[in-house]
Amino acid sequence: MTLALYRIDDRLIHGQVVVGWGQPLDVSFIVLVDDEVSSSDWEQDLYRMGVPPQIEVIFASVETAAELLPAWDADSRVGILLVGDIDTAVALAARVPQVKRFNVGGVHHRTGRKERLRFVYLTDDEATKLRQLAASGVDVTAQDVPTARAVPVAEFT
Amino acid sequence: MSELRGVIVSHAAVAQALVAAVTAITGIEGALTGISNEGCGTEELAERLREAVGAGPAVLFVDLPGGSCFTSSARYAKRGGADIAVVTGVNLAMLLDFVFNRDISPSEAARRAVDAGAKAIRVTPA
């Protein structure tokens, strides 16, 4: 199989990812791409605690992810790739042409952001970056759980 | 020793419902605060924790041993500056025990909560 889901979610590993998407996709591994988490053993332990032992968790910086993504995508198992913010998604897509889709799964309220969907708050700059990402050929949709509708980028940016 | 605060951290409205249940059973008010991760990113959840915990000491009772409630609570306990312990798998039994035993340290209260909570989980003989 492949990386079945590329997701932007500021909570990174949490219930919606592990159970909501993990169960129906029958996920065997999760790749968490985050420069800060990938350099902290303590943070990695925290995120690992939320994952059943049969699911492998791989932590990577953007640089390492850019190098290893083709191998993860060619893995015979099903995986999910997670990033915590739009800048990381944009950086990864710019470096790895085979990133062809991103699911916006949760970007929450912060000063300067406006509500676009119940689970998506964006600054104008972030909205522009998502539209540019889509214009570069990446399919960008917002969808918190698999049973919800995938909202096209034009409807929430 | 100042009396401990308990802060319940949960998905949806589980935390608030547990606070209401403890008050209904014991009549004790103000010992527990419930906060939800509803609509929260990590920063906003940290802010809710900061407001609920205050200067501490405190015990954070988290619903699951993983996920956004848990990671935010563990991170807050580590960096928040106050004396804080984190217990996962919150249930009503551990909270009922906690509200009557708050003149101990957060780590002692956390151990007590694990005992009281685990004792309440049983299979009833048919």
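Rule-based calculations on the coordinates, nothing more; no lab input. Only a predicted model underlies this, so the values are computations on that prediction, with no experimental measurement involved. So basically every Cβ, Gly included, is an ideal-geometry build from the backbone, and we count neighbours across all protein chains shown.
Using a Gaussian network model of chain A with C-alpha springs under 10 Å, which one of A:V138, A:V33, A:V83 is most mobile by mean-square fluctuation?
A:V138
Partner chain Cβ atoms within 10 Å, averaged over the residues of A:65-76 - can you pull that number for me?
Taking the mean over all residues of the peptide, I get 0.
At 222 nm, what value in deg cm²/dmol follows for the protein assembly as shown if DSSP H runs of at least 4 each add -39500 (n - 2.57) and the sum is divided by all its residues, to the nearest 500?
My calculation for the protein assembly as shown gives -11000 deg cm²/dmol from helical runs alone.
Please identify which residues in segment A:67-86 have an amide N closer than 13 Å to a label point set 7 Å out from the Cα of A:S136, following the Cα→Cβ vector.
A:86
Which one of B:G117, B:G81, A:S136 is farthest out on the positive end of the charge dipole of the protein assembly as shown, using unit charges on Cβ (Lys, Arg +1; Asp, Glu -1) and the Cα centre as origin?
B:G117
About the Cα centre of chain B, how large is the charge dipole given +1 on each Lys and Arg Cβ and -1 on each Asp and Glu Cβ? Please answer in debye to the nearest 20.
Charge dipole of chain B: 320 debye, to the nearest 20.
Across bins of 10 angstrom width beginning at 0, how are the C-alpha pair distances of segment A:1-51 distributed, in whole percent?
22, 58, 19, 0
If you average the sequence gap of Cα pairs under 8 Å that are 6 or more apart and divide by the length of segment A:1-64, what percent do you get for the contact order?
Reported as a whole number, the value is 39 percent.
Taking just the alpha-carbon atoms of segment A:75-145, what radius of gyration and Dmax come out, in angstrom?
When restricted to Cα atoms, segment A:75-145 yields Rg and Dmax of 12.5, 42 Å.
If you average the sequence gap of Cα pairs under 8 Å that are 6 or more apart and divide by the length of segment A:50-121, what percent do you get for the contact order?
Reported relative contact order: 21 percent.
Check cross-link reach from B:K119 to the aspartates and glutamates: straight Cα distance under 18 Å, and skip same-chain residues fewer than eight apart.
Excluding near neighbours in sequence, the set is B:D63, B:D97, B:E108.
Excluding the sites themselves, what is the longest stretch of chain B that contains no GluC sites (Glu not before Pro) in a DSSP loop with at most 15 other C-beta atoms within 10 Å?
With GluC sites (Glu not before Pro) excluded where exposed in loops, chain B gives B:39-126 as its longest stretch.
Placing +1 at every Lys and Arg Cβ and -1 at every Asp and Glu Cβ, with all other atoms neutral, what dipole size does the protein assembly as shown have around its Cα centre, in debye to the nearest 20?
520
Please get the size of the charge dipole for chain A, origin at its Cα centre, with Cβ charges of +1 on Lys and Arg and -1 on Asp and Glu, quoted in debye to the nearest 20.
Using Cβ point charges on Lys, Arg, Asp and Glu, chain A gives about 640 debye.
Segment A:21-75: Rg/Rh from Cα coordinates, Kirkwood Rh?
Looking at segment A:21-75, the ratio lands at 0.98.
Report the percentage of all Cα-Cα pairs in chain A whose separation exceeds 25 Å, rounded to a whole percent.
24
Other chains near A:98-108: what is the mean number of their Cβ atoms within 10 Å of each residue's Cβ?
1
Direction-averaged shadow area of the convex hull around the Cα atoms of the protein assembly as shown, nm²?
Approximately 16.9 nm², given one-decimal rounding.
Non-local amide H neighbours of B:V90 (under 5 Å, H modeled in plane, Pro and chain starts lacking H): which ones?
B:V62, B:D63
Roughly what % antiparallel, to the nearest 5, for the DSSP beta bridges in the protein assembly as shown?
Here the antiparallel bridges make up roughly 10 percent for the protein assembly as shown.
Cut-off under 30 Å on the C-alpha distance; same-chain residues fewer than 8 positions from A:K100 excluded. Which lysines are left, in chain and number order?
A:K114, A:K129
How compact is segment A:52-116 by the rule of thumb for globular proteins, expressed as Cα Rg over 2.2 N^0.38 Å?
Normalised by 2.2 N^0.38 Å, the Cα Rg of segment A:52-116 equals 1.28.
Which one, A:L12, B:V90, A:P152, projects farthest toward the positive side of the charge dipole computed for the protein assembly as shown from Cβ point charges (K/R +1, D/E -1)?
B:V90
Could you list A:Y47, B:Y76 so that the one with the fewest beta carbons within 10 Å of its beta carbon is first and the one with the most is last?
If I rank by nearby Cβ atoms, fewest first, I get A:Y47, B:Y76.
Mean 1/r over all different Cα pairs, inverted: what Kirkwood radius does chain B give, in Å?
Averaging 1/r across every pair of different Cα atoms and inverting gives 14.4 Å.
Along the charge dipole of segment B:1-99, pointing to its positive end and built from +1/-1 on Cβ of Lys, Arg, Asp and Glu, which listed residue (B:L4, B:G67, B:G39) has its Cα farthest out?
B:G67
On C-alpha positions alone, give me the angle between the axis of helix A:86-95 and the longest principal axis of chain A, in degrees, nearest 10.
The helix A:86-95 is inclined about 70 degrees to chain A.
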